Amino acid sequence: MPALVVIFVATAPAHADPQYKLNKSQTEVVALSRLTSGGMCQPGRMRGQVVARTFDPSGVVLMNFAVEEKNGDRTVINVDTDAIAQANRVTQAWVMQGLHRMIREGKQVSLRAQFCGAAGRVVMLDGISTR
């Protein structure tokens, strides 16, 4: 009598490429979404003023930035550079433009984020809009 073999395969959910929305003249990014692969994180929103930015050694790739909320609390928001690097070159270019222009020191931002790790202490940028 043949034995019954059952195989279980665990797979991670497929990650959709980052998305960008352009202005009416198709010249500037006005919104970014799906910027992180997520994982075991909790979604949330934040508002505040960008008070600092950190780039990679080349000075081109935004790694993280700090946001100060109205109450004075500051939070470091990480950019999932690996998720962005997996997108096609056109998407990468638009996402980079959006990050550079929408996340500037002194600018007020409204963000969608993923709060990961123990007590949600690691915050990953998931989306941003100029509106």
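Results for (1) free of Cβ contacts under 8 Å to residues at least 60 places away in the same chain; (2) within 13 Å of the chain's Cα centre (by Cα), shown as yes or no for each residue.
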site: Val90; (1), (2): yes, no
site: Trp94; (1), (2): no, no
site: Gln97; (1), (2): no, no
site: Ile103; (1), (2): yes, yes
site: Ser110; (1), (2): no, yes
site: Gln114; (1), (2): no, yes
site: Asp126; (1), (2): no, yes
site: Thr130; (1), (2): no, no
Scan the range 68-81 and report the pairs whose first residue is within 15 Å of Val109 (Cβ to Cβ) and whose second residue is polar (S, T, N, Q) and surrounded by 12 or more Cβ atoms within 10 Å (Cβ to Cβ), with Cβ atoms within less than 7 Å and a gap of 6+ or a chain change.
Glu68/Gln49; Val76/Asn64; Ile77/Asn64; Asn78/Asn64; Val79/Asn64
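Values in this text are rule-based calculations from the coordinates and carry no lab data. Everything quoted here is computed from the prediction, not taken from an experiment. Glycine also receives a Cβ, built like all others from the backbone with ideal geometry; neighbour counts cover every protein chain displayed.
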